[in-house]
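Here's the structure, in structure tokens; my notes come after.
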Amino acid sequence: MELSKNYIPNETESKWYSHWLQQKYFSSSPDEREPYTIVIPPPNVTGVLHMGHCLNNTIQDVLARYNRMNGKNVCWVPGTDHASIATEAKVVGMLRERGITKSSLSRDEFLQYAWEWKEKYGGIILQQMKKLGCSLDWGRVSFTMDDDYYKSVISVFADLYNKGLIYRGKRMINWDTKALTALSDEEVIFRDTQSKLYFLNYKVVDGDGLPVEGGITIATVRPETILGDTAICVNPGDERYRHLHAKYAIVPLINRRIPIITDDYVTMEFGTGALKVTPAHDMNDYQLGLKHNLEVIDIMNDDGTFSLDAQILVGEDRFAARKKIIPLLEEASAIVKIEDYPNQVGYSERTDSVVEPRLSMQWWVKMKPLAEPALKAVADGEIKFHPAKFVNTYKYWMENIKDWCISRQLWWGHRIPAWYDKEGNYVVAVNEEAAIQQYAEKYGRQLTGTDRLVQDEDCLDTWFSSWLWPFEVFKGYSHPGNKDISYYYPTNTLVTAPEIIFFWVARMIMAGLEYEKAIPFEDVYFTGIVRDKLGRKMSKSLGNSPDLLELIDQYGADAVRFGILIASPAGNDLLFDDSSLEQGRNFNNKLWNALKLTKMWEGRQANFENETNDNFAVNWFGQRLNEAKAEVDTLTKQFRLSEALKTIYSLIWDDFCSWYLEWVKPGFEQPIDKAVYQKTISYFEQLLQLLHPYMPFISEEIYHLLKTQKDDLCVKQFSPANAADITIVKEGEILKKVISAIRDARNKNQVKPKDTIRLFIHTEHVESYQPIESILAKQVNAERVAYTKEAIANSIVVAVEKDKFFIECEQQLDAATLKEELLKDLTYQQNFLQSVIKKLSNERFVQNAKPEVVALERRKQADAEARIKTIEESLQNLN
């Protein structure tokens, strides 16, 4: 068949993915093999692929394919998360387009629309993952509101409640005034904001109501919240305010008398050193309020407007109230000054409205009892983090863990299984029938007449369902002890982003230990954040997030996978640039050209007398391949996937395409040794196998174009890597250096490539050059290679390590030009040597650097000294 000029990915990707699915290569069921299990971090059912998904899922696919090709029974479980807030917002938007409001619907009617939306759009992101080449077991798609999963979430709630680990209470939460729901900390995005700092003066009176001269000044960015103040706090060691201890401040505009209290929490250096305390509207103020038994005054309604308790500005939106309260305070002579003030403001990730800290009756999980075993599992190394630096982050959070607010004021999600009578008494039960029975037992009375129990209107935080993910995708809770959970759990690897280490990773560990009595995974690989080339996090609002499907259409899935991985060290953010995709596309074409070159030789095979055992190029690349295989295996097991890909890239582009194929390439229209050709094809196949986890489509395509295959690369098993003969590998490296140096010297001295030369080698190790003479001669166009112990007059001199190479050519050499080039090289080598000596003379460097780094610098010194000596001899010879 005639091959196209360049590789055309669109023609191969859908073909091979369909083939893999038809062959059921991605399907898994328990058998006698060792399992390798990954559960996908379930993307929101509202989602579409973006660059973060691309990175995360490409890494998972590399691990899945690599382990599948190492004989393991790979089960990579797909699925989606119901995403309460995001999905409800999408459904409300859909209804708005139809002229329907949520408030006009009953809960059941709204949920019918929500399920309609989910069925229409909810699987889009999973279909897009197929375009990326993800080898997921599509027979195992899970959804966090599947029937069994739903029942498990409700049952876990009831179980934790019965264990005393879930309670209902009025506490501070993050409130979304637009979505009208509580938020988790993870759903609050902090942004740098240019605000104003208002300095307000409060009059002070003593216990008898007599004025105290001077008053007290506080600084705040939220002057409207003074209407909820119930104290002013100063540091007990602050001498400026010692005379005000046990006195009272008068809140401006509303004249409420509030105590002046002392607490070490207050920082004397910030602002004025005096802190207004508003327990209903600030997380830290609330803690101070509990400690000092302060009154709590909530001045806001659910939608962010001022309530009757504010006394003034009632019904005004909180930001309108801020604008209106400033002139009132100025009129009351309460404003001392106003300054510009940069600070961070929390926004709802879902609605982009400013989050309001407020006191609210919610459901909570006691976290400390669950956190202790989960902390131990990571601290003891039972679960390993990659990179390990995240262990300290995890440890700090777990040691300082707070109770978890799990209720959300939404209709889409898992409805809280609490049931109330008309007096507000409640029971927790998995369904209404059980609730009625529990109610009778708890309160000693039967419901009669029109009395009935009403279920809590709220839903559970999405994370409360996704923390069951690693075992409930195998129905480990709903059908305990089943064949799948016994075989696949604990899973092997979790790939996720570090920003959800607390909200998802930690909680999965807690749930796994609580309900399966085993860790949920053995390794956690943390990806970095994908940023643009300016270092900004990608987002739709900034317009810097490319359409991933468009990139796949433009460059091909393999090039996109290559581009995102080549610049992605574990745990570190990566700066994404289209140039990395260009590099991936160029790599595709390099492979394609290598295919075309080897196919040209297919019909030119002949039986030569020499065996491949005597062919240096064949022997060298075989050992170089063994070396690279071992390196890739080690790097993959260490989750250093970017480095593994770079190793494969260099092996293919440089060692195979640029060197090996050139070394074995026959002359124009000349035959190639059949044994060498077969070995070359074998090497090419092994390279494609190494590359397959990273770039599955092109590797599978070329594998089948090389020759008729009996198997598919997707499931072709890696053979154990043999130990590399390092001596041969080093000889190959020297050969590459010598060829490059001689070619460079020819070029500098304007010796045309078609002009032959005579090459004389000055070395103490003649035997190391004899096996490579023929390759060397062909690569530098030398009609003769000889050895010498003397300098060759009127020749170009090249130094490589401790050996010298004299180049004789027919044309008359320009001595002046030669001398100029040698002097330039001498100056460069002398400067380089001085920089190395300076580094080695630095005691701190020698003491602190790794031994291998110091040894490398000493080798650099020795090489530079040898080159300088050779250049000086060459100059003397020239004179």
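Key figures
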{"item": "From the options LEU447, LEU460, LEU453, residue that is within 25 Å of ASP146 (Cα to Cα) and in contact (Cβ under 8 Å) with a residue 24 or more places away in the chain", "result": "LEU460"}
{"item": "Condition met for ALA158 (more than 30 Å from TRP115 (Cα to Cα) and at pLDDT 95 or above)", "result": "no"}
{"item": "Any hit, the range 586-593, residues being buried (at least 20 other Cβ atoms within 10 Å of the Cβ) and within 19 Å of the chain's Cα centre (by Cα)", "result": "no"}
{"item": "Of all residues in the range 124-153 being surrounded by fewer than 20 Cβ atoms within 10 Å (Cβ to Cβ) and among the aliphatic types (A, V, I, L, M), the one that is nearest to MET367 (Cα to Cα)", "result": "VAL141"}
{"item": "Test for ILE807: is it farther than 27 Å from ASN749 by Cα and of a type in the set (A, V, I, L, M)", "result": "no"}
{"item": "Counted residues, the range 789-822 - those being within 15 Å of VAL738 (Cβ to Cβ) and either at pLDDT below 80 or assigned to a loop (DSSP other than H, G, I, E, B) (or both)", "result": "2"}
{"item": "Within the range 1-28, tally of residues that are part of a loop (DSSP other than H, G, I, E, B) and either within 21 Å of ASP711 (Cβ to Cβ) or assigned by TED's automatic domain parsing to the domain that holds PHE639 (or both)", "result": "8"}
{"item": "Among residues of the range 502-557, those that are polar (S, T, N, Q), touching a His at 6+ places or on another chain (Cβ under 8 Å) and surrounded by 20 or more Cβ atoms within 10 Å (Cβ to Cβ), counted", "result": "0"}
{"item": "Scan of the range 438-486 for residues that are modelled with pLDDT of 95 or more, of a type in the set (Ser, Thr, Tyr) and either surrounded by fewer than 17 Cβ atoms within 10 Å (Cβ to Cβ) or part of a loop (DSSP other than H, G, I, E, B) (or both), ordered by number", "result": "TYR477, SER478, SER486"}
{"item": "Any hit, the range 260-273, residues being under 49 Å from the mean Cα position of the chain (by Cα), buried (at least 17 other Cβ atoms within 10 Å of the Cβ), free of Cβ contacts under 8 Å to residues at least 24 places away in the same chain and in the same structural domain as SER307 (by TED's automatic domain parsing)", "result": "no"}
{"item": "Residue match in the range 171-191 (condition: over 30 Å from ALA511 (Cα atoms) and either surrounded by 22 or more Cβ atoms within 10 Å (Cβ to Cβ) or β-branched (Val, Ile, Thr) (or both))", "result": "yes"}
{"item": "VAL853 touching a residue at least 12 places away in the same chain (Cβ under 8 Å) and either aliphatic (A, V, I, L, M) or crowded, with 16+ Cβ neighbours inside 10 Å (or both)", "result": "no"}
{"item": "Qualifying residue in the range 713-727 (condition: assigned by TED's automatic domain parsing to the domain that holds THR634, part of a helix (DSSP H, G or I) and either modelled with pLDDT under 90 or in contact with a helix residue (DSSP H, G or I) (Cβ under 6 Å, 6 or more places away or on another chain) (or both))", "result": "yes"}
{"item": "Which listed residue, of SER650, SER682, SER642, is among the small types (Gly, Ala, Ser), modelled with pLDDT under 95 and either in a helix (DSSP H, G or I) or surrounded by fewer than 18 Cβ atoms within 10 Å (Cβ to Cβ) (or both)", "result": "SER642"}
{"item": "Residue within the range 61-77 that is out of contact with any strand residue (DSSP E or B) (no Cβ under 9 Å at 6 or more places or on another chain), closer than 30 Å to ILE698 by Cα, outside any helix (DSSP H, G or I) and not assigned by TED's automatic domain parsing to the domain that holds VAL715 present", "result": "yes"}
{"item": "Unique residue being assigned to a loop (DSSP other than H, G, I, E, B), crowded, with 22+ Cβ neighbours inside 10 Å, assigned by TED's automatic domain parsing to the domain that holds GLY123 and touching a residue at least 40 places away in the same chain (Cβ under 8 Å) when the list is LEU49, LEU55", "result": "LEU49"}
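The values are calculated or read from the model by the stated rules, or taken from the named source; none is laboratory data. Remember, it's a predicted structure, so these values are computed and weren't measured experimentally. Cβ sites come from the backbone with ideal geometry, for glycine too, and all protein chains shown count toward neighbours.
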